[in-house]
Amino acid sequence: MLFDLTTGAPRRTLRAAAAACTLVLFPLAQAAETTLVWSAAQIQAAGLTTQVITSANASPGTGLVLQGTVELPAQATELLSAPLAGVVQQVLVSPGQQVKAGQAVAQLRSMELVTWQRELLQAQAQARLAASKLARDEKLYAEGIIAGLRLQDSRTQHELAQLAVRERRQMLQMVGVSNASAQLQPSLTLRASVSGTVLEVTASPGQKLNAGESVAKLARSGQLAIALQASPEQAANLRVGALLALQGCKAPARLTAIVPQVSASNQSVQLRASFSAAEDCLRVNQFVQATVIPPSGSAAADSSLGIPAQSVVRHEGKAYVFVKTPKGFVPTPVELAEESGSILRVRSGLQGGETIVLHGTAALKAAWQGIGGGAQ
């Protein structure tokens with residue numbers, strides 16, 4: 001009957017068979033080329049983050065992804081305080097403003113400053129008088145009119161007067177008055193001693209300050225720290241000096257400390273890294289993701305790639321990762337050389353240099369399986 005061309009039945013049977021074959025083959029071809037196209041809003045709502053995969057064989061910790069928080073180290077904080085008691089006349093900066101070393105931050109009016117200047121002028125007058133007396137006594141001693149003891153006393157008084165002048169002048173220099181004049185000046189300009197960013201302004205115009213009270217808090221430029229956490233197993237594979245790639249930053253951070261104990265609350269190991277590059281990519285208290293990168297010139301133990309375990313999804317007994325392409329996210333099958341640990345070695349399926357999804361894989365898998373999202 002299938003080959004009887006005198007009726008329409010065989011033709012319908014062949015068309016039905018062909019259609020059935022098409023229905024079977026088309027989904028397979030479509031599954032092999034699935035691309036999940038998501039908008040920026042969908043990506044943000046799902047919390048998708050990505051990572052470029054690199055060769056992870058340079059060292060055991062290479063490719064490890066750590067979470068951390070940006071901090072301002074104590075050595076990078078500059079506290080500008082009032083050197084003597086006075087009243088704030090004017091504040092010349094605001095929080096977040098960039099300042100240079102020597103830039104005026106505030107103006108202070110102080111009667112104590114007037115007293116210090118007066119004492120310097122008095123010390124200078126006493127020094128001139130002592131110098132004049134010494135010159136006279138030296139002449140009298142040379143003529144044999146006075147005894148040597150009197151000359152020695154004049155020299156001592158002259159030295160004490162010079163010492164008092166240096167003391168008063170140094171006190172004024174310490175508060176920012178470099179050149180004292182005969183005219184008394186009650187106003188004092190407070191200046192930033194380093195270049196950086198104004199974190200906080202603690203004084204306001206009209207406020208009365210005692211000596212040592214804070215006026216502003218500054219952060220030195222180019223000095224940030226990153227507090228990281230790792231499991232004891234991860235920390236065992238890390239070494240001080242390792243370079244860390246930070247999302248959004250071109251320059252890497254450097255691991256500076258591995259605390260030799262675990263936290264009692266979550267059994268994690270505390271790590272610290274420093275970031276001193278001159279680029280504006282980090283903010284204090286910002287959450288960051290750091291990836292351990294291999295040292296330059298290291299010898300490769302094998303040619304495998306390392307990917308974070310959280311980037312792998314399972315489907316029908318196979319392992320997949322979502323590769324980001326210009327068109328969207330592509331579920332890509334991978335063959336793993338190992339199935340345990342935070343970093344998994346890839347035997348095949350990836351070449352290196354691909355950008356894979358690190359967080360948000362559950363939402364992508366749901367969209368891939370038709371539960372939600374958009375696929376083309």
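For the pair Val114 and Leu92 in one chain, pulling the backbone fully straight at 0.36 nm per residue adds 5.6 nm over the alpha carbon distance. Inter-label distance, Lys100 to Ser132: 4.6 nm, where each label sits 7 Å from its Cα along the C-beta direction. If only the Cβ of Lys and Arg carry +1 and only the Cβ of Asp and Glu carry -1, the dipole of the range 62-158 around its Cα centre is close to 400 debye.
With a Förster radius of 51 Å applied to the C-beta separation of Phe287 and Arg166, the computed FRET efficiency comes to 0.45. Within the shell of other residues whose beta carbon sits under 12 angstrom from the beta carbon of Lys250, the net charge comes to -2, with Lys and Arg scored +1 and Asp and Glu -1. Using the Cβ-Cβ distance between Gln247 and Ala211 with R0 set to 41 Å, the FRET efficiency works out to roughly 0.35. What does the charge count around Gly86 come to, taking other residues whose C-beta lies under 12 Å from its C-beta (Lys +1, Arg +1, Asp -1, Glu -1)? Neighbourhood net charge equals 0. Each peptide in 280-288, 163-171, 362-370 was scored by the mean count of other Cβ atoms within 10 Å over its residues; highest first, the order is 362-370, 163-171, 280-288. Taking Lys and Arg as +1 and Asp and Glu as -1, the other residues whose beta-carbon sits under 13 Å from that of Thr361 total +3.
Considering only alpha-carbon pairs that sit under 8 angstrom and 6 or more positions apart, the relative contact order computed for the range 111-185 is 47 percent.
Each label point was placed 7 Å from the Cα along the Cα-to-Cβ direction; for Ser81 and Ser193 their separation is 1.1 nm.
Apply the Debye scattering formula to the range 111-185, with a single equal point scatterer on each alpha-carbon and no solvent, then give log10 I(q)/I(0) at q = 0.21 Å⁻¹. For the range 111-185 at q = 0.21 Å⁻¹, log10 I(q)/I(0) is -0.82. Approximating the spin labels as points 7 Å out from Cα along Cα→Cβ, the Ser231-to-Arg150 distance works out to 9.3 nm.
Values quoted throughout were computed directly from the atomic coordinates according to the rules given, and no laboratory measurement underlies them. Because the structure is predicted, anything quoted here is derived from the model rather than measured. For neighbour counting, all protein chains shown are included, and Cβ atoms are generated from backbone atoms with ideal geometry for every residue, glycine included.
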